[in-house]
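Student: What follows is a structure written as structure tokens; I'll ask about it next.
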Amino acid sequence: MCLIVFAWRPGHALPLIVAANRDEFYARPTLALAPWEDAPRVYAGRDLEAGGTWLGVGPQGRFAALTNIRDPRQPLGAHSRGELVAAFLKGEQTVETYLNQVASRADQYSGFNLLIGDHHALGYVSSREAVPRLLEAGVYGLSNAQLDTPWPKLVKARSRLAALLETPVPDRLLGLLADDEPVVDALLPETGVGLATEKLLSSAFIASQHYGTRASTVLIVDNRGQRQFIERSFGPFGSLLGEVKLSV
């Protein structure tokens, strides 16, 4: 997952709204959003290479999502980052307990940002700092650096999300994720991957022959705990492969 913008509003009629793009090589085998047969009441896509996931929901209002940290110099972790999301969705730990556990073993994974929540709290931890945070109400963004690092695509998507919060219609939220306009060279971040790749990765929606946005996901949670979940799947050059809608 390479872009997540979200609004956390405890006490509101819609306390959590999430719009997220997962970017990955098209060749990596993946299952679309669906209930997991081996984990009752867990709903998520699935990485068939390592068995984890990038975003999903579980029982007791559990939610989790992940982005990678873009840094070609970082060492390869011993474990798959996707297991961090899956373990929280299937587990019973509180948000704070789980974040502390992940922080204590963050060096076992390649660079990551982890966002988890339930009915009561939403929290975040990054492998860069390994300092868990419980988040206050607000509108936030995650890309491939730490929370709210002001990369242009994050700032733009977060602003567009904020403008849609009065009427958070799924198609409009998916529309902000479909923005494929690249950033001008002068505003590109420098993450060590070269100008051409920085340019390719600078838009919210990425499309090319071998790598791009594989899934666009919207999650809307209401104050009764009902969750509206929509995911669109894509193939090479941004071709639409399908759409899944769940109410759980």
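Student: Once the Cα atoms of the chain are picked out, what are the Rg and Dmax in Å?
Tutor: Cα-based Rg and Dmax for the chain come out at 16.5, 48 Å.
Student: With +1 on each Lys and Arg Cβ and -1 on each Asp and Glu Cβ, and nothing else charged, work out how big the dipole of region 144-248 is about its Cα centre, in Debye to the nearest 20.
Tutor: That gives region 144-248 a dipole magnitude of about 300 debye.
Student: Only Cα pairs under 8 Å and at least 6 apart count here; give the relative contact order of the chain as a rounded whole percent.
Tutor: Relative contact order for the chain comes out at 22 percent.
Student: Pop out the ³J(HN,Hα) list for region 211-222 in order, Karplus 6.51 cos²θ - 1.76 cosθ + 1.60 with θ = phi - 60°, rounded to Hz; leave Gly and Pro as x.
Tutor: Residue by residue, region 211-222 yields 9, x, 6, 8, 8, 10, 10, 10, 10, 10, 10, 9 Hz.
Student: Computed FRET efficiency, Cβ-Cβ of residue 38 and residue 9, R0 41 Å: what is it to the nearest 0.05?
Tutor: On the way: r = 33 Å, r/R0 = 0.80.
Taking R0 as 41 Å, the efficiency between residue 38 and residue 9 is 0.80.
Student: Could you let me know the centre-to-centre spacing of region 3-73 and region 154-173, using Cα atoms, in angstrom?
Tutor: 19 Å
Student: Check residue 69: other-chain or 5+ apart residues with amide H under 5 Å from its amide H, H built from backbone geometry?
Tutor: Long-range HN contacts for residue 69: 111, 112, 113.
Student: Let me ask something else about it. How would 247, 159, 110, 127 rank on accessible area, largest to smallest, probe 1.4 Å? Mind showing how you got there, number by number?
Tutor: Working: 247 100, 159 75, 110 10, 127 35 Å².
Largest accessible area first, the list is 247, 159, 127, 110.
Student: Still on this structure, please answer the following. Can you give the accessible area of residue 239, probe radius 1.4 Å, in Å² rounded to 10?
Tutor: Probe radius 1.4 Å; accessible area of residue 239 about 50 Å².
Student: Before anything else, pin down the relative contact order of region 113-248: Cα pairs under 8 Å, at least 6 apart, normalised by residue count, whole percent.
Tutor: On the way: 201 pairs, mean separation 18.5, N = 136.
In percent, rounded to a whole number, it is 14.
Student: With a ≥ b ≥ c taken as the square roots of the eigenvalues of the C-alpha gyration tensor of region 127-178, please select rounded if a/c is under 1.5 and otherwise prolate if a/b is larger than b/c or oblate if it is not?
Tutor: Numbers: a/c = 2.68, a/b = 1.72, b/c = 1.56.
Since a/c reaches 1.5 and a/b is larger than b/c, the shape of region 127-178 is classed as prolate.
Student: Per-residue accessible area for residue 26 at 1.4 Å probe radius, Å² rounded to 10?
Tutor: Looks like 30 Å² after rounding.
Student: Expressed as a whole percentage, what fraction of the accessible surface of region 92-219 belongs to carbon and sulfur atoms when a 1.4 Å probe is rolled over the protein heavy atoms?
Tutor: Heavy-atom surface of region 92-219 belonging to carbon and sulfur, 1.4 Å probe: 51 percent.
The values are calculated or read from the model by the stated rules, or taken from the named source; none is laboratory data. Treat the numbers as computed from the prediction; the structure is a model and nothing was measured. Note: ideal-geometry Cβ built from the backbone for every residue, glycine included; neighbour counts use all protein chains shown. Note: areas computed on protein heavy atoms with side chains; ligands, DNA, RNA excluded. Shrake-Rupley method; radii C 1.70, N 1.55, O 1.52, S 1.80 Å.
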